[in-house]
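Everything below concerns the one structure shown next.
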Amino acid sequence: MIYGIRSIIVHGFGFLSLPLNQFHIQLFFCFPLIKKPSQGSPAMGSSNLLFNRHRTVHQILGGGLAADVILWRRKNVTLGILLVTFAAWVVFERSGYTLLSLASSVLLLLITILFLWAKSAALLNRPAPPLPQLHLSEDAADYLATLARTHLNALLLGFQNIALGRDSMLFVRVAGWLLLISIIGGLTDFLTLGYTSLFIVLTIPALYEKYEEQVDKYVLVGYSNLQQLYAKLDDRHFSRVHKWILEKRKFI
């Protein structure tokens, strides 16, 4: 009985016996590993920027139109997106409309206007509504299908690795994010969460770019303190657990 319990404990937490300089116990949401303090740490390095990076925030975000919108390089577009999404949130939250009913009403109004426009234009010898060619090319359809297939196969592969127990860290990471989503979903509805997420995406990166030096300074100081705390925990607890597991494995 005791031998069986000991085997379950040792094998069930076998991932803890990996080399200590790689990792011990990854926290629930699998944040980047915190190693023992050492000079030349990749997070602190010789640069004053986080992770010793040499790219700007604009370059990290892709440097294109999306980066310009997120960082308020195109203020009119960014402000328009915020106002439109806020108006949509107010419509759904206050008017009692659902997404299906609103979409149906808008489409009904649109096709009615276009139909009456076209009929009146034919009777009055006026030009028809200026509509573009509504056609999906074969190349665009193939590209979208390939993109969807690639992401779906990656998702299925990850699910298979979790279901077969091949990737413990992936399981912990996915379980952590699903638990977080479940908690957030219980506190708010989908529309509010979507608008809040969009608001954060369009404000936090811009504020970080504006106050980048100050933020990096305080984060690096906190990172250094966290490294020191990890070193103390490693010496007092993690190393002992690692040695205990190795000793128990010798008797199994």
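Tell me whether the range 229-239 contains one or more residues that are open to solvent by less than 50 Å² (accessible area, probe 1.4 Å), of a type in the set (D, E, K, R), part of a helix (DSSP H, G or I) and under 26 Å from Leu79 (Cα atoms). No: zero hits. Within the range 122-135, is even one residue assigned to a helix (DSSP H, G or I) and not basic (Lys, Arg)? Checked the range 122-135: at least one residue is assigned to a helix (DSSP H, G or I) and not basic (Lys, Arg). When the residues of the range 77-127 are filtered to those that are under 30 Å from Thr188 (Cβ atoms) and of a type in the set (Ser, Thr, Tyr), the one that is most open to solvent (accessible area, probe 1.4 Å) is Tyr97. Tell me yes or no: at least one residue of the range 153-173 is in contact with a Phe, Trp or Tyr (Cβ under 9 Å, 6 or more places away or on another chain), closer than 30 Å to His58 by Cα and either in a helix (DSSP H, G or I) or open to solvent by less than 70 Å² (accessible area, probe 1.4 Å) (or both). Yes, the range 153-173 contains at least one residue that is in contact with a Phe, Trp or Tyr (Cβ under 9 Å, 6 or more places away or on another chain), closer than 30 Å to His58 by Cα and either in a helix (DSSP H, G or I) or open to solvent by less than 70 Å² (accessible area, probe 1.4 Å) (or both).
Can you find a residue in the range 59-76 that is among the polar types (S, T, N, Q) and either open to solvent by less than 90 Å² (accessible area, probe 1.4 Å) or on the phi > 0 side of the Ramachandran plot (or both)? Looking for residues that are among the polar types (S, T, N, Q) and either open to solvent by less than 90 Å² (accessible area, probe 1.4 Å) or on the phi > 0 side of the Ramachandran plot (or both), one finds none in the range 59-76, hence no. Checking each residue in the range 216-227 for being open to solvent by less than 100 Å² (accessible area, probe 1.4 Å) and either under 30 Å from Trp89 (Cα atoms) or in contact (Cβ under 8 Å) with a residue 60 or more places away in the chain (or both) picks out Asp216, Val219, Leu220, Tyr223, Ser224, Leu226, Gln227. With respect to the conditions (1) of a type in the set (Phe, Trp, Tyr); (2) farther than 30 Å from Tyr208 by Cα; (3) modelled with pLDDT of 90 or more, Phe92 lacks only one, and its number is (3). Within the range 183-205, no residue satisfies the criterion of being in contact (Cβ under 8 Å) with a residue 40 or more places away in the chain and surrounded by fewer than 11 Cβ atoms within 10 Å (Cβ to Cβ). Could you check, for the range 166-182, whether at least one of its residues is farther than 28 Å from Ile70 by Cα, free of Cβ contacts under 8 Å to residues at least 40 places away in the same chain and among the polar types (S, T, N, Q)? Scanning the range 166-182 turns up no residue that is farther than 28 Å from Ile70 by Cα, free of Cβ contacts under 8 Å to residues at least 40 places away in the same chain and among the polar types (S, T, N, Q). Among the residues examined, Glu213 qualifies as of a type outside the set (Ser, Thr, Tyr), assigned to a helix (DSSP H, G or I), open to solvent by 100 Å² or more (accessible area, probe 1.4 Å) and within 30 Å of Ile81 (Cα to Cα). Just name the residue that is farthest from the chain's Cα centre (by Cα) out of those in the range 240-252 that are exposed (fewer than 15 other Cβ atoms within 10 Å of the Cβ) and not basic (Lys, Arg). Per the criteria, the residue is Phe251.
The values are calculated or read from the model by the stated rules, or taken from the named source; none is laboratory data. Fair warning: this is a prediction, and the values are worked out from it, not measured in the lab. Every residue, glycine among them, receives a Cβ derived from its backbone with ideal geometry; neighbour counts consider all protein chains shown. Calculation scope for accessible area: heavy atoms of the full protein, side chains included, ligands and nucleic acids excluded. Shrake-Rupley method; radii C 1.70, N 1.55, O 1.52, S 1.80 Å.
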